[in-house]
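Comments concern the structure below.
The values are calculated or read from the model by the stated rules, or taken from the named source; none is laboratory data. Given the structure is predicted, the values throughout are model-derived calculations rather than measurements. Ideal geometry is used to build each Cβ from the backbone, glycine not excepted, and the neighbour counts take in all protein chains shown. Heads up: the accessible areas ignore ligands, DNA and RNA and are worked out on the full protein's heavy atoms, side chains in. Shrake-Rupley method; radii C 1.70, N 1.55, O 1.52, S 1.80 Å.
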Amino acid sequence: LLRITNDGTFQHGSAEPWIANILAQLLIGNATRTAIEVGGFQGRTSAVLLKAMQPLPWPKSFTVCELEQERADMVQAALDANGKCSYAKVVVANSLDWIPTLPAESVDFVWLDGCHEKNHVYFELTRLLPKMAPGGLICGHDVFGTCDLNQVFGLVASQVGWRSMSLDLPRIGPAGGIGILQRPRKRH
């Protein structure tokens, strides 16, 4: 019997450590230049994503959108733990107001892990669609279990003809997994 314990590397309410590692590999594999995270919580996943971006040899930007100042401060502290990084920042805003301010086709990678209400996630996804660069990935947490956001990811993908998939991975809490949407790459 495998027993998963909280050994200090997992904080309830955060993405599971293996999910953070999968996201880091997707971020690297997608040659990410511009990444955003919506809902940084305490910054554990944020720190993993930032660390994954650091060795990439091109100009890059990583922005975390957090609704509450207290959480934004925790995320900033997690990002700064290994030294300040000029291309990483935290903004305090409602994601539905902030996402429309992003330039069109400018984002390569998104991690959605803020509000888990289906309507909210639907509107986040639809606002993100025009912001995604060709080949860009939108990943979201808690698509299985109590949040059941898999339906929302599937609905949005079918509405715009993008590729989608969902991974139901081991969960520590009542929800988990990753939903993924990918904007088609431009054909040459």
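Side notes on the structure shown:
- Among the criteria (1) of a type outside the set (D, E, K, R); (2) open to solvent by 60 Å² or more (accessible area, probe 1.4 Å); (3) closer than 26 Å to Phe144 by Cβ; (4) outside any helix (DSSP H, G or I), the one Pro59 does not fulfil is (3).
Residue by residue, here is whether (1) open to solvent by 30 Å² or more (accessible area, probe 1.4 Å); (2) more than 16 Å from Ile138 (Cα to Cα); (3) of a type in the set (A, V, I, L, M) holds:
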| site | (1), (2), (3) |
| --- | --- |
| Gln54 | yes, yes, no |
| Ala77 | yes, yes, yes |
| Asp97 | yes, yes, no |
| Pro100 | yes, no, no |
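- Residues of the range 131-171 that are out of contact with any Pro (no Cβ under 9 Å at 6 or more places or on another chain), open to solvent by 40 Å² or more (accessible area, probe 1.4 Å) and of a type in the set (Val, Ile, Thr): Val160 alone.
- A single member of Ala77, Ala133, Ala81 is of a type outside the set (Lys, Arg) and within 18 Å of Ile36 (Cβ to Cβ), and it is Ala133.
- Helices (runs of 4 or more DSSP H) completely within the range 90-188 that count 1 or more residues being within 26 Å of Gln76 (Cβ to Cβ): 95-98, 118-128
- Tally, over the range 79-89, of residues that are within 25 Å of Met132 (Cβ to Cβ) and open to solvent by 30 Å² or more (accessible area, probe 1.4 Å): 3
- So Asp108, is it more than 14 Å from Gly43 (Cβ to Cβ) and modelled with pLDDT of 95 or more: yes
- In this entry, Ala93 is excluded by the filter for residues that are under 21 Å from Asn21 (Cβ atoms) and small (Gly, Ala, Ser).
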